[in-house]
Amino acid sequence: MTNVRDFGATGDGRTDDTKSLRHAVEQGGGALEFPRGTYRLTAPLEINLDAHGPISLHGQGNTARILMDGPGPAIRLVGTHRKSADPASFEPRVWQHQRLPTIQGLEIVGNHDQADGIELDGTMQPTIVGVAIRRCRYGVHLINVNRNLLLANSHIYDGRGAAIGVFFDGVNIHQAIISGSHISYCKHAGIKASKSEIRNFQITGCDIEYNFGASEGESADIWIDAREGTVREGTIASNTIQARPSAGGSNVRIEGARRSDSGSVGLWNITGNVIQSQEVNVLLRDCRGITLTGNSFIASTKRTLVLERCANIVVGSNIFDNNRDYKGAHISGIQILGSNSVNLQNLILSGSIAGNAQEGGAIEVADSGEVLIVGCQILDPEFRGIDIRKSRNIKVSDCQILDRRTPPKMIQALRTDETA
């Protein structure tokens, strides 16, 4: 390994180490080791992978800190790959010089309002492991074309301003895996994809929480925005996803372009998560082909699940609950609006206060078609169990709708108009 101190870096937290670290990249042996200390940067440490060959940045015993005291990313990795992940599409120089750039065991701290953590552009197999990033505008920022991202066992925390923990920003990427990480306290989004072309996107085993901001407008812990671009083939599994209710906030928000087939975003599985404490726990808008199974939902102040203009959605074997140990207001419930081919099955909805005396209920279906509601338990709803309006081909069967309170408050178990 190349010790960056051998190239003049001081790590004293005061000296500008930008030139010394660039020198270490240019003249070192590729494996750069950062001994304990704070390495101050005033401009990005940009690494041209094609020019410098395979590279890794390693913090010795996880004791090294990079302090970004200027605008832009502390570390920018730049490659040349602009094609698919098919092995036949790779130029020899990509395998020889650019594969598997690795950042491990470093802390990156932003000390400038426009400071970012790590930026990836044109990379193949970028691997980020055991990294802590805080006080940055964007923790990990992906642009242009990248392939086969692994982000694991890392902490992205307390972003600066309207921050985003991991930002897929107008990027074309196939194979992105985020696992075993804490992504918290970024006021705009924990993980966000916008204006991107993404396939094979996995978010597993993470704690993604408190990514909200009452003064920052809309926010989400996980936000897949495919109103421009397409995002398909994804999994959100075995995560804890929670925040606090904020205006325009969701725990998981997935939205596509306004297309007749709702096809710009979809083929997603959301399974085995604990999702709680936002205005809307899961918002799906203009989506197609999504399953939500085996999740536990707690405490939403507007709705637990909202489907708007969606198609081919399965919601099965989930719990929509409000444990009394969790304080604060809640409304909960499911809204299906302007959607078709939706299957709700084997759900428990407890204590929903959604709706009002005139309309609405624990499950509300409006302007929709081909909806099955099968084998659900709807317990102690404030107004109605199921409310169906201006919809067609709706089937409700084998459901148990009960008000167990004394005296009971439920107005109706099931209400439907003549269109259903």
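The values are calculated or read from the model by the stated rules, or taken from the named source; none is laboratory data. Keep in mind the model is a prediction, meaning the values are calculated, not measured. As a convention, Cβ positions derive from the backbone with ideal geometry for all residues, glycine included, and neighbour counts pool all protein chains shown.
Data for the structure
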| read-out | value |
| --- | --- |
| Residues of region 15-29 satisfying the condition of being in contact with a strand residue (DSSP E or B) (Cβ under 7 Å, 6 or more places away or on another chain) and of a type outside the set (Asp, Glu) | Thr15, Thr18, Leu21, Arg22, Ala24, Val25, Gly28, Gly29 |
| Selected residue (only one of Gly234, Gly248, Gly205, Gly266 is in contact with a Gly (Cβ under 8 Å, 6 or more places away or on another chain), more than 20 Å from Ile298 (Cα to Cα) and not β-branched (Val, Ile, Thr)) | Gly266 |
| Subset tally (residues that are assigned to a loop (DSSP other than H, G, I, E, B) and closer than 21 Å to Ala243 by Cβ) for region 263-286 | 2 |
| Candidates Ile128, Ile66, filtered to the one that is free of Cβ contacts under 8 Å to residues at least 40 places away in the same chain, out of contact with any Gly (no Cβ under 7 Å at 6 or more places or on another chain) and crowded, with 24+ Cβ neighbours inside 10 Å | Ile128 |
| Single condition Ser332 does not satisfy, out of (1) of a type in the set (S, T, N, Q); (2) at positive phi; (3) surrounded by fewer than 22 Cβ atoms within 10 Å (Cβ to Cβ); (4) in contact with a Phe, Trp or Tyr (Cβ under 9 Å, 6 or more places away or on another chain) | (3) |
| Enumeration of residues in region 119-139 that are hydrophobic (A, V, I, L, M, F, W, C) and either at pLDDT below 95 or closer than 24 Å to Phe90 by Cα (or both) | Leu120, Met124, Ile128 |
| Inter-residue pairs, beta-carbon under 9 Å, first among the acidic types (Asp, Glu) and in region 223-245, second not in a strand (DSSP E or B), 6+ apart | Asp225/Lys195; Asp225/Ser196; Glu228/Gly170; Glu228/Lys195; Glu228/Ser196; Glu228/Ala257; Glu228/Ser264 |
| Residue selected from region 102-120 under the condition in contact with a Lys or Arg (Cβ under 7 Å, 6 or more places away or on another chain) and in a strand (DSSP E or B), by the criterion farthest from Thr38 (Cα to Cα) | Glu119 |
| Within region 300-329, tally of residues that are outside any strand (DSSP E or B), at negative phi and crowded, with 16+ Cβ neighbours inside 10 Å | 3 |
| Test: residue in region 21-31 that is over 13 Å from Met1 (Cα atoms), of a type outside the set (Lys, Arg), modelled with pLDDT under 95 and not in a strand (DSSP E or B) | yes |
| Those residues of region 287-299 which are assigned to a strand (DSSP E or B), on the phi < 0 side of the Ramachandran plot and among the hydrophobic types (A, V, I, L, M, F, W, C), in sequence order | Ile290, Leu292, Phe297, Ile298 |
| Meets criteria (acidic (Asp, Glu), modelled with pLDDT under 95 and under 26 Å from His174 (Cα atoms)) for Glu46 | no |
| All positions within region 12-45 that are surrounded by fewer than 18 Cβ atoms within 10 Å (Cβ to Cβ), in contact with a helix residue (DSSP H, G or I) (Cβ under 8 Å, 6 or more places away or on another chain) and more than 12 Å from Ala64 (Cβ to Cβ) | His23, Glu26, Gln27, Gly30, Thr42, Ala43 |
| Tally, over region 349-366, of residues that are surrounded by fewer than 16 Cβ atoms within 10 Å (Cβ to Cβ) and either of a type outside the set (A, V, I, L, M, F, W, C) or closer than 22 Å to Ser296 by Cα (or both) | 3 |
| Filtered residues of region 199-215 (kept if surrounded by fewer than 17 Cβ atoms within 10 Å (Cβ to Cβ) and in a loop (DSSP other than H, G, I, E, B)) | Gly205, Ala214, Ser215 |
